[in-house]
Amino acid sequence: MASYKILLLPGDGIGPEVAHEAEKVLAWFGRAGLGTFETETDLVGGAAIDAHGVPLTEAALGLAKAADAVLFGAVGGPKWAGVPYAVRPEAGLLRLRKDLGLFANLRPAICYPALAAASSLKPELVEGLDLMIVRELTGGVYFGEPKEIVTLEDGQRRAVDTQIYTTGEIERIAAVAFDLARKRRNKVASAEKHNVMKSGVLWKDVVTRLHAEHYADVGLEHVLADNCAMQLVRNPKQYDVVVTDNLFGDILSDVAAMLTGSLGMLPSASLGAVENGTRRALYEPVHGSAPDIAGQNAANPLAMIGSLAMALRYSFGLSDAADRLDAAITRTLAGGTRTRDIAGTGVNAVGTGEMGDAIIRELEAPAH
Ligand code: NAD
Ligand code: IPM
Ligand code: MN
């Protein structure tokens with residue numbers, strides 16, 4: 001039986017609560033004989049600051065590099081509002097993405113049939129939605145230098161963030177989007193702001209050339225990022241794959257999350273380049289540490305469990321197991337099990353742990 005090394009980084013707030021449910025599901029797959037899953041757990045974010053003074057230790061980074069996949073919960077929270085910028089909780093996650101080379105962030109937004117009414121949009125606009133946002137994750141304004149606040153002679157302070165993209169960075173993320181589209185509905189929308197930003201001009205140019213040279217069979221549309229945000233709430237089903245930069249992708253994926261019913265529904269995969277047949281990967285829900293509901297057994301673990309399904313598919317090659325987990329999520333929702341965020345009025349909500357248990361019950365049920 002194949003053996004897989006997994007590093008669990010639960011983090012802060014609801015991170016450990018949802019990560020625990022993914023661990024339960026992973027243990028079930030182990031018991032079911034799908035593989036030997038060797039897990040290690042370490043601290044990240046605020047939890048690592050409390051223990052070590054930094055949001056990611058070199059030891060934890062080493063474990064992440066040695067793992068076949070990292071399962072990440074969430075980081076941050078008001079407790080660490082005062083820590084220096086360089087060692088804030090979120091810096092631990094950004095360092096993991098950068099140092100592992102995880103440039104391709106896949107954020108699928110799927111509206112499960114049973115949740116069409118839970119979306120803030122009219123059900124007919126979201127029913128059957130199956131959208132993939134491909135977000136560039138290791139470049140752009142997140143990492144560009146200079147990034148600083150300086151005090152001017154007149155006493156004012158001036159903040160600078162720098163958006164940088166190179167041809168190579170744009171080409172490799174666009175190639176990921178085109179390759180994915182070919183296995184889906186064969187359409188890519190590339191979102192940037194070439195009307196305002198030089199990086200947008202280059203982005204559009206590189207995507208256009210790559211398309212003409214290697215992907216002319218795939219439908220390509222260029223859309224300004226602000227228009228894309230509007231289109232996502234006007235008529236989201238027009239899109240198949242949306243490819244965009246780091247910052248626009250962050251914002252557009254939170255918008256897409258609400259189309260599915262809740263931010264607690266959106267999983268993600270962050271992938272590196274393929275080297276010798278393998279690639280580094282980290283799987284995490286799109287949501288954060290949700291300080292407003294942390295510690296209440298109220299968080300929806302499906303974004304985290306869905307991220308585990310992506311790990312089974314993209315890192316372990318266990319696509320049958322991934323299909324089985326996705327089907328268990330669909331059936332659990334169809335059966336009416338709801339955490340508070342997707343319950344709506346008048347529906348009894350279950351807790352985080354009960355949702356995890358319900359998924360495992362469906363995994364155990366004979367195939368329908
Ligand atoms: P958030 O995603 O934590 O929460 C936004 C809203 O969505 C909250 O009302 C929250 O209760 C709700 N929500 C989020 N996940 C949910 C779930 N699984 N089930 C039910 N409801 C859920 O965003 P925020 O409040 O803006 O940020 C809080 C902290 O999290 C900040 O420190 C931020 O930097 C951090 N953050 C971390 C990550 C990450 O670790 N990947 C992602 C986003 C935000
Ligand atoms: C996300 C988060 C992160 C981001 C933060 C926590 C650094 O919002 O993964 O969507 O902005 O990328
Ligand atoms: Mn975000």
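FYI, it's all coordinate maths here, none of it is from the lab. What you are looking at is a predicted structure, and each value in this text was computed from that prediction instead of being measured. We place every Cβ from the backbone using ideal geometry, glycine too, and count neighbours over all the protein chains shown.
Here the residues 162, 244, ranked from fewest to most Cβ neighbours within 10 Å of their Cβ, fall in the order 162, 244. Under the shape rule built on the C-alpha gyration tensor, where the axes satisfy a ≥ b ≥ c, the stretch 114-201 is oblate, since a/c reaches at least 1.5 while a/b does not exceed b/c. Can you figure out the FRET efficiency of residue 24 with residue 201, using R₀ = 51 Å and their beta-carbon distance, to the nearest 0.05? Calculated value: 0.60. For residue 3 and residue 233, the FRET efficiency from 1/(1 + (r/R0)^6), where r spans their Cβ atoms and R0 equals 35 Å, is about 0.20. Compared with the alpha-carbon gap, the fully stretched path from residue 347 to residue 85 is longer by 90.1 nm at 0.36 nm per residue. Each of residue 179 and residue 162 was given a label point 7 Å from its Cα along the Cα-to-Cβ line. The distance between the two points is 3.0 nm. Extension gain for the segment residue 130 to residue 172, taken as residue separation times 0.36 nm less the Cα-Cα distance, is 12.8 nm to one decimal. For the residue pairs 98/147; 5/147; 147/193; 147/198; 24/79, the C-alpha atoms sit more than 26 angstrom apart in 5/147; 24/79. Determine the shape class of the chain: with a ≥ b ≥ c the square roots of the Cα gyration tensor eigenvalues, call it rounded for a/c under 1.5, and otherwise prolate if a/b is greater than b/c, oblate otherwise. The shape class here is rounded.
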